[in-house]
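Just so you know, all these numbers are worked out from the coordinates, no wet-lab data involved. Given the structure is predicted, the values throughout are model-derived calculations rather than measurements. Because the Cβ atoms are built from the backbone with ideal geometry, glycine has one as well, and the counts that use them run over all protein chains shown.
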Amino acid sequence: MTNDEIRNSIVLVLEEMKKKAETMGIQGVAVASVLNKGEDVDWIGEMKVVGTPCNFKEGWNLVAIAWSKCGEAIATEADSGNPEHKKILGECGFVGGAFEEYNGYKMAFAFSGALSEEDLEVAKFGIKLMKEKIG
């Protein structure tokens, strides 16, 4: 896939993640990053707000948290929030970021705004859909 095809696919997948979150009755931020097959540094990333980018009542910047989850998944090549992973500066250690390598593509998807289990469900849903786009 070209980088433009990956970006277009990510945008479509994020829209489906938004619909899933709305169906689940949750709000927040969905993010996705994909490393194209054969690349080693140029991740392609996009973001989609689902209802609100921040939970001002409880003091959560959902954009920052979602990207932190995605970044942790990229750095560790595993789902975010692993208690055995020693956090590095910029990571929050929250569950809700999913990582998978598939057919030479590396994918990190995350959601922030709900319970950790719900965030991870939406993130893994995004990876499932992206795998279908990659084929």
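Numbers at a glance
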| read-out | value |
| --- | --- |
| Size of charge dipole - region 1-49 - debye, nearest 20, with Cβ of Lys, Arg +1 and Asp, Glu -1, no other charges | 280 debye |
| Debye, to nearest 20: dipole size of region 30-135, +1 on Lys, Arg Cβ, -1 on Asp, Glu Cβ | 200 debye |
| Region 1-71: GluC sites (Glu not before Pro) falling in loop per DSSP and having at most 15 other Cβ within 10 Å | 39, 58 |
| Length-normalised contact order of region 3-134 in % [C-alpha pairs under 8 Å, at least 6 apart] | 26 percent |
| In region 31-135, the trypsin sites (Lys or Arg not before Pro) that fall in loop regions by DSSP, at most 10 other Cβ within 10 Å | 57, 86 |
| Residues of type lysines that residue 18 reaches as a straight line, Cα spacing below 23 Å, ignoring anything fewer than 8 places off in the same chain | 48, 57, 69, 106, 124, 128, 131, 133 |
| Qualifying aspartates and glutamates (Cα of each under 19 Å from Cα of residue 19; at least 8 residues distant if same chain) | 46, 117, 118, 119, 121, 132 |
| Cut-off under 5 Å, modelled amide H: who pairs with residue 51 long-range | 28 |
